[in-house]
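The structure appears right after this line, and notes come after that.
The values are calculated or read from the model by the stated rules, or taken from the named source; none is laboratory data. Only a predicted model underlies this, so the values are computations on that prediction, with no experimental measurement involved. FYI the Cβ positions are ideal-geometry reconstructions off the backbone, even for glycines, and counts take in every protein chain you see. These area figures cover heavy atoms from the full protein model, side chains too; ligands, DNA and RNA do not enter into them. Shrake-Rupley method; radii C 1.70, N 1.55, O 1.52, S 1.80 Å.
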Amino acid sequence: MPFSTLSKIKDRLDAGATTAVAVAKTYLDRIAAFNGDLNAFVDIDPAHVLEQAEASDAYRTKHGARALEGLPIAIKDIFCTQDGPTRCCSHILKDFHAPYDAHVITKLKEAGAVLVGKTNMDEFAMGSSTETSAFGPCHNPWDIERIPGGSSGGSASAVAAALVPAALGTDTGGSIRQPASVCGITGLKPTYGRVSRRGIIAFASSLDQAGPMTRTVKDAAMIAAAMSGHDSMDSTSVPDAPAVDWLGACDKTGMKGLRIGKPKEYFVDGMDTGVRAAIDAALAECEALGAEIVDISLPHTDAAVAAYYVIAPSEASANLSRYDAVRFGHRCDNPDDLLDMYTRSRDEGFGKEVKRRILTGTFALSSGYYDAYYIKAQQVRTLIRQDFINAFAQVDVIATPTSPITAFKLGEKTADPLTMYLSDIFTIALNLAGLPGLSQPCGFVDGLPVGLQWIAPAWREDVILGAASAYEAATDWVKAPINFGGEA
Amino acid sequence: MSWETVIGLEVHVQVNTKSKQFCGCSTEFGAEPNTQTCPVCLGMPGQLPVLNIEAARKTVLTGLAINADINLISKFDRKNYFYPDLPKGYQITQFPLPIVEHGYLDIPVNDGEKRIGVTRIHMEEDAGKSMHEGLDGVSHIDLNRSGVPLMEIVSEPDMANADEAIAYLKQLHQLVCFLDVSGANMEKGQFRCDANVSVRRSGEPLGTRTEMKNMNSFRFIKQAIEYEVNRQIEIIENGGAVVQESRLWDSVKNESRSMRSKEEAHDYRYFPEPDLPPLRFTQDEVDAIRAGMPELPGQLRKRFETEFGLSPYDADVLTQTRESAAWYESLAAAHPADPKRCANWMINELLGRLNEAGKELAESPVSSQRLAGLLERVGDHTISGKAAKDVLDIMMESDDDADTIIETKGLKQVSDTGAIDAIIVDVMAANPGQVEGYRGGKDKLLGFFVGQVMKASRGKANPGMVNQRLKALLKG
């Protein structure tokens, strides 16, 4: 069972073939057995998981099943939960317990889900490898010498290793899709404004969006359906967002007559030739399924990473100011005065990458530099948004590699932040444009998964789900056996 | 060479909404520290602001009242600085695109009016309050005020002395009270002022300015500006240069001291607030707000002069506050026969007595209806004006209406010709010599007879009638 999809577990629960408690125990056993190798979970309270499962079974008996009744879902450590700590994998929040649930956590609870622990991540979601976590790096189950991607690496690793059938992640510049890609699972980043950000610890407010990380497209759709919806307490949550028939969109017929844009800027010299071959093969498969491949151009793609690394750190530099040791969070011992308390607490509490981003953002916003960096980056953002609008006049959806490379080795890029930043080169642009995106498995290079990324116009997650479900049904990649933790 | 002073003012006005600018917490003043807080105004992780649209509407109303442009799209920004009473480490404010721009206020000056430009009004949130005094070196923070809505009203540097600055501030204070957009209680910090002051010799370009921070009393502001002007002139006359800096007024020592210089000034790193979409109003919404605008002090003053025939002085006194104008209007409506009498009695008698008792108009024990009842009796000569003042004294202490008091105290004026004639006849009989004298041409003796008749009637005879009947009967 552990490698089952969420949908199959749901079917078995609905058929009375198993119970939420039995399902929870299966996964708790696997977490107990394998989390030591992966470090995918940074907090797990088995007793509390079982309590939720028992409550779910009782609810089912009494009232019938809700949309996610009894289904175990792991939570990235960035989501505030009343139960257990919420630390964003940072020392600065090492003792923090949120007195509230994030809006999406409330929604998952209302849908009957069993929330399983907190997963590892890059500190404050800043990273592409889950190596900047204050709780140590997370490992990729396809090769535990390698990174699981980031920043939602713990969620990706846990789902790939079947420590849990599904997990929540957040995506600011690729933090759902890139780890999904390198861990061989499916990850969906919804349209900005589709899912409430309230109670999700902010990294870059204009880019952050939460989404599901699952084995299959339909599993992602199931969770997305439960997560999304307007929240009057998040002003960027869109009140009249066009609705999506999440499950209906996964009818596997989405490929017929679909015009798929292939942006030349995403197929560049220097990318891994194996990755390129896998994507080319995937597009050929799509064509065989009835899609039309259209060569397109997104001319400002090369400026996306630069613009992102101005905008995201700028917003982060302000968002992280609240960690000032005054009301909560780490405070240094015996501060001499206020300034000493601020500087020493923050110096001790934040890791190197977080400090780098705070400094970058503070610099970019400083008087005298603001126009050259922040304003210029916003102009680039407008151009990138326009690129996509122009492209979607020609095509229904865009397909690209999710990442130019497969999972690299732990420590391989930590010394060189710029190379690390380039691993997000294909995922960042759609965050800047606020568009939905999905990564799904589409092959292997040297035994390491490759991800295919789908990008659709705003609010058209249905187009993505239609194409991705058709591709998934026509291929076997999601069923590829993993050489980790027992039978697939 | 004479010196010129240039003053610009930034006024922080607390908008009187029930809940805070970006969360649902109460804005009530004086609660136990940190009892009016929530995860949003405490700056807890993941919490997001949601605009209180009522605060925005009141800011628009204020903008309309100063003849300003309303920006149908305005934007919020983050102003970044660290301070323990600023929970998020940034203040949500409006920087390049405020909700209100380009207005003005006409203020009274010696020789008429002067127009003071208002550059902008923007919305922002207040910080909490740090307390350092008497806590043995420990600081406490009260975040009840964190997130309370403010509008910052920024003037052009159009004021030339402290008196003009005070006139502007009083005008503005009166305006926000009339609009009911602020409690504007200065002691509670609901109306605070920063003053930018510089001096120059006539005809020279602007001098270096200093900023006097956070003053909340007209008296202190005047003192602070005058002190600063003298300080700057002295520096320059001694060959020095004014340093651009922020200064704090010490109202105990009557002097200002430097807070921070330009070099130490914060770089606030303003940038657009990504948690809030642009604030949009339609022209229809702005027009609806304009339609709900109450009469402003200037308009009221003019109407009181024309509609009620009041003197400019009386009209000005009665329109000082919205409450007093409304009180007067209700009095005049209940005693429509003589609006001037209403004004005289309200200003000279009622407000005087309230002032003595240390009471506000709102606390007046005599309602406008009860006072009107008294003025009716003055008008129809039931009692004399003198007696009416005694009645009002009694009304201040009791709930009885004028008629009851007049009745029980027997203050009713005698206006009956027969009764008055009878008294006159008695008085004439008792003073034959004076009658003789009057009839012989000593007209001045009329006053003697009036006094005698009034005395005999124990003050209740109608003086006008006494006069008239005496003249008739004394003729013989």
Requested in this report: Please go through segment A:235-253 and pick out each residue that is open to solvent by less than 50 Å² (accessible area, probe 1.4 Å), in contact with a helix residue (DSSP H, G or I) (Cβ under 7 Å, 6 or more places away or on another chain) and in a loop (DSSP other than H, G, I, E, B).
Outcome: A:VAL244, A:TRP246
Report task. With respect to B:CYS193, determine if the residue is within 18 Å of the chain's Cα centre (by Cα) and either open to solvent by less than 10 Å² (accessible area, probe 1.4 Å) or within 14 Å of chain A (Cβ to nearest Cβ) (or both). Result -> yes
Report summary line: Condition set out of contact with any Asp or Glu (no Cβ under 7 Å at 6 or more places or on another chain) and more than 14 Å from chain A (Cβ to nearest Cβ), scope segment B:260-284, selection farthest from A:TYR369 (Cα to Cα): answer is B:ASP284
Report task. State whether the residues of segment B:75-86 include one that is within 30 Å of B:ASP158 (Cα to Cα), more than 9 Å from every other protein chain (Cβ to nearest Cβ) and basic (Lys, Arg). Result -> yes
Report task. Scan segment B:1-32 for residues that are touching a strand residue (DSSP E or B) at 6+ places or on another chain (Cβ under 7 Å), aliphatic (A, V, I, L, M) and open to solvent by less than 50 Å² (accessible area, probe 1.4 Å) and jot them down. Result -> B:VAL6, B:ILE7, B:LEU9, B:VAL11, B:VAL13, B:VAL15
Requested in this report: Restricting attention to helices (runs of 4 or more DSSP H) lying wholly within segment B:328-433, give those where 3 or more residues are over 28 Å from B:VAL450 (Cα atoms).
Outcome: B:339-344, B:351-357, B:368-379, B:385-397
Requested in this report: Considering (1) under 30 Å from A:PHE135 (Cα atoms); (2) open to solvent by less than 50 Å² (accessible area, probe 1.4 Å); (3) of a type in the set (A, V, I, L, M), say which one A:ALA415 fails and leave the rest.
Outcome: (2)
Report task. For A:ILE73, indicate whether it is under 30 Å from A:ALA316 (Cβ atoms), out of contact with any Phe, Trp or Tyr (no Cβ under 8 Å at 6 or more places or on another chain) and either assigned to a helix (DSSP H, G or I) or open to solvent by less than 60 Å² (accessible area, probe 1.4 Å) (or both). Result -> yes
Report task. Determine the pairs where a residue that is open to solvent by 70 Å² or more (accessible area, probe 1.4 Å), located within segment B:343-369, has a partner that is assigned to a helix (DSSP H, G or I) with Cβ atoms under 7 Å apart, the partner being 6 or more residues away or on another chain. Result -> B:ALA362/B:GLU323; B:GLN369/B:ALA334
Report summary line: Over segment B:8-42, the set of residues among the charged types (D, E, K, R) and more than 18 Å from B:VAL176 (Cα to Cα) is B:LYS20, B:GLU28, B:GLU32
Report task. Identify, by number, the condition in (1) at pLDDT 95 or above; (2) among the small types (Gly, Ala, Ser); (3) open to solvent by 10 Å² or more (accessible area, probe 1.4 Å) that A:GLY486 doesn't meet. Result -> (1)
Query raised in the report: From B:MET212, B:MET131, B:MET159, which residue is surrounded by 17 or more Cβ atoms within 10 Å (Cβ to Cβ), more than 30 Å from B:ARG322 (Cα to Cα), assigned by TED's automatic domain parsing to the domain that holds B:TYR81 and of a type outside the set (S, T, N, Q)?
Result: B:MET212
Report task. Would you mention how many residues in segment A:88-100 are assigned to a loop (DSSP other than H, G, I, E, B), more than 10 Å from chain B (Cβ to nearest Cβ) and open to solvent by 20 Å² or more (accessible area, probe 1.4 Å)? Result -> 3
**Report entry** Any helices (runs of 4 or more DSSP H) falling wholly within segment A:254-369 and containing at least 3 residues that are within 14 Å of chain B (Cβ to nearest Cβ) and open to solvent by 40 Å² or more (accessible area, probe 1.4 Å)
**Finding:** A:338-349, A:352-365
Requested in this report: Considering every residue within segment B:252-265, establish whether at least one is touching a residue at least 60 places away in the same chain (Cβ under 8 Å), surrounded by 13 or more Cβ atoms within 10 Å (Cβ to Cβ) and among the charged types (D, E, K, R).
Outcome: no
Requested in this report: For A:SER228, indicate whether it is more than 24 Å from A:VAL182 (Cα to Cα) and in contact with a Lys or Arg (Cβ under 7 Å, 6 or more places away or on another chain).
Outcome: yes
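Every residue, every condition in (1) under 17 Å from A:TRP454 (Cα atoms); (2) in contact (Cβ under 8 Å) with a residue 60 or more places away in the chain; (3) not aliphatic (A, V, I, L, M), yes or no:
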{"position": "A:GLN178", "(1), (2), (3)": "yes, yes, yes"}
{"position": "A:ALA202", "(1), (2), (3)": "no, yes, no"}
{"position": "A:VAL217", "(1), (2), (3)": "yes, yes, no"}
{"position": "A:MET227", "(1), (2), (3)": "no, yes, no"}
{"position": "A:ASP231", "(1), (2), (3)": "no, yes, yes"}
{"position": "A:ALA243", "(1), (2), (3)": "no, no, no"}
{"position": "A:LEU247", "(1), (2), (3)": "no, no, no"}
{"position": "A:ASP251", "(1), (2), (3)": "yes, yes, yes"}
{"position": "A:GLY254", "(1), (2), (3)": "yes, yes, yes"}
Query - Unique match (being within 15 Å of A:GLN440 (Cα to Cα) and outside any strand (DSSP E or B)) among A:ALA220, A:ALA162, A:ALA204, A:ALA226 - result: A:ALA220
Requested in this report: Within segment A:138-151, count every residue that is surrounded by 23 or more Cβ atoms within 10 Å (Cβ to Cβ) and modelled with pLDDT of 95 or more.
Outcome: 9
Query raised in the report: Across segment A:441-483, what is the total count of residues that are over 18 Å from A:ALA284 (Cβ atoms) and either more than 22 Å from the chain's Cα centre (by Cα) or part of a helix (DSSP H, G or I) (or both)?
Result: 13
Query raised in the report: What about A:ALA167, is it part of a helix (DSSP H, G or I), in contact with a strand residue (DSSP E or B) (Cβ under 9 Å, 6 or more places away or on another chain), of a type outside the set (D, E, K, R) and open to solvent by less than 10 Å² (accessible area, probe 1.4 Å)?
Result: no
Query raised in the report: In the list B:PRO87, B:PRO98, which residue meets the criterion of being over 29 Å from the mean Cα position of the chain (by Cα) and surrounded by 22 or more Cβ atoms within 10 Å (Cβ to Cβ)?
Result: B:PRO87
Query raised in the report: How about segment A:176-197: which of its residues are out of contact with any His (no Cβ under 7 Å at 6 or more places or on another chain), small (Gly, Ala, Ser) and open to solvent by less than 10 Å² (accessible area, probe 1.4 Å)?
Result: A:ALA180, A:SER181, A:GLY187, A:GLY193
